[in-house]
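Please treat every number below as a calculation from the coordinates, not as lab data. Quick caveat: nothing in here was measured; it's all calculated off a predicted structure. Here the Cβ is made from the backbone with ideal geometry for all residues, glycine too, and neighbour counts use every protein chain on show.
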Amino acid sequence: GAGVSQSPRYKVAKRGQDVALRCDPISGHVSLFWYQQALGQGPEFLTYFQNEAQLDKSGLPSDRFFAERPEGSVSTLKIQRTQQEDSAVYLCASSLRRVNTEAFFGQGTRLTVV
Amino acid sequence: AQSVTQLDSHVSVSEGTPVLLRCNYSSSYSPSLFWYVQHPNKGLQLLLKYTSAATLVKGINGFEAEFKKSETSFHLTKPSAHMSDAAEYFCVVSDGRGGQNFVFGPGTRLSVLP
């Protein structure tokens with residue numbers, strides 16, 4: 001597609017439920033990022049892939065969060081045993097290279113944990 | 001480590017008057033700098049970027065920004081505000097070294113009054 005695509009756009013989960021958020025980056029983009037954006041805040045880094053390699057996961061808030069990009073294209077962010085503080089918009093971005101190129105963002109998945 | 005400060009959480013201007021959104025950064029390396037805009041319920045859109053070429057950068061919708069290394073600043077300006085400019089604006093720094101490739105500032109909400 002022409003841009004970064006994320007699905008679902010909206011997700012309501014009951015506390016304790018597992019969720020999986022999908023990101024389709026722009027074709028050919030090497031780098032892929034996940035960010036978490038709480039209401040009224042700027043995006044906070046979660047994790048970064050270069051092709052299929054997860055080079056940095058220092059922003060993942062707990063071991064309940066897991067991300068993968070097995071074939072170097074589509075990525076999935078999984079949250080296990082969701083809690084209310086996980087409610088946020090999860091943004092995916094991709095960029096052509098690692099250095100000095102802009103990131104293109106998807107519209108995000110709004111996760112609400114009830 | 002790199003970081004971004006946006007000095008104003010909220011800026012309000014009248015339609016047709018100039019816009020100034022301030023950004024200061026910290027980076028150990030020669031950074032790339034970006035401004036992104038986020039309209040309500042929309043994805044992040046790149047306004048402009050600085051990547052060590054000309055220090056005065058022109059972007060979309062009449063916005064521009066000037067990179068001043070001595071002041072570690074990258075302020076965003078527009079000569080004449082339009083109602084459609086009302087949105088959240090994020091300054092972003094990247095030094096391209098590692099996983100946290102794009103570090104966001106906290107954002108500035110721009111209101112445009114008729």
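Using the Karplus curve 6.51 cos²θ - 1.76 cosθ + 1.60 with θ = phi - 60°, what ³J(HN,Hα) values do you get for each residue of segment A:59-76, in whole Hz, with x for Gly and Pro?
So the J values, rounded to whole Hz, are x, 5, x, 7, 6, 7, 9, 9, 10, 8, 8, x, 10, x, 10, 4, 10, 10.
Past the 26 Å Cα-Cα mark, which pairs from B:LYS42/B:LYS78; A:LYS78/B:LYS49; A:LYS78/B:LYS42; A:LYS11/A:LYS57; A:LYS57/B:LYS69?
On the way: B:LYS42/B:LYS78 21 Å; A:LYS78/B:LYS49 32 Å; A:LYS78/B:LYS42 23 Å; A:LYS11/A:LYS57 23 Å; A:LYS57/B:LYS69 30 Å.
A:LYS78/B:LYS49; A:LYS57/B:LYS69, as the Cα separations exceed 26 Å there.
DSSP beta bridges in the protein assembly as shown, what fraction antiparallel, as a percent rounded to 5? Provide the component values of the computation, followed by the final result.
Details: 66 of 75 bridges.
The antiparallel fraction comes to roughly 90 percent.
Of the GluC sites (Glu not before Pro) in segment A:1-83, which ones lie in a loop per DSSP and count no more than 12 other C-beta atoms within 10 Å?
Numbers: sites: A:GLU44, A:GLU52, A:GLU68, A:GLU71; in loops: A:GLU52, A:GLU71.
Hits after loop and neighbour filter: A:GLU71.
Over chain B, what is the mean sequence separation of C-alpha contacts under 8 Å (at least six apart), divided by residue count, expressed as relative contact order in percent?
On the way: 293 pairs, mean separation 42.4, N = 114.
Relative CO of chain B lands at 37 percent.
Most exposed first by the Cβ proxy, i.e. fewest other Cβ within 10 Å, how do B:ASP8, A:ASP63 rank? Please list the in-between numbers first.
Details: B:ASP8 15, A:ASP63 7.
Ranked by crowding around the Cβ, least crowded first: A:ASP63, B:ASP8.
Can you give me the distance in nm between label points at B:SER3 and A:TYR10, each placed 7 Å from the Cα along the Cα-to-Cβ direction?
In this crude label model, B:SER3 to A:TYR10 measures out at 3.7 nm.
Give the residue list of trypsin sites (Lys or Arg not before Pro) in segment A:9-114 that are DSSP loop and have at most 13 other beta-carbon atoms within 10 angstrom.
Working: sites: A:ARG9, A:LYS11, A:LYS14, A:ARG15, A:ARG22, A:LYS57, A:ARG64, A:LYS78, A:ARG81, A:ARG97, A:ARG98, A:ARG110; in loops: A:ARG9, A:LYS14, A:ARG15, A:LYS57, A:ARG64, A:ARG81, A:ARG97, A:ARG98.
Counting only loop positions with at most 13 other Cβ atoms within 10 Å, the trypsin sites (Lys or Arg not before Pro) in segment A:9-114 are A:ARG9, A:LYS14, A:ARG15, A:ARG81, A:ARG97.
GNM, chain B, Cα, under 10 Å: largest mean-square fluctuation among B:ALA54, B:ALA86, B:ALA65?
B:ALA54
Testing the spin-label approximation: label points 7 Å from Cα along Cα→Cβ at A:ASP63 and A:ALA38. State their distance in nm.
Once both label points are built, they end up 2.4 nm from each other.
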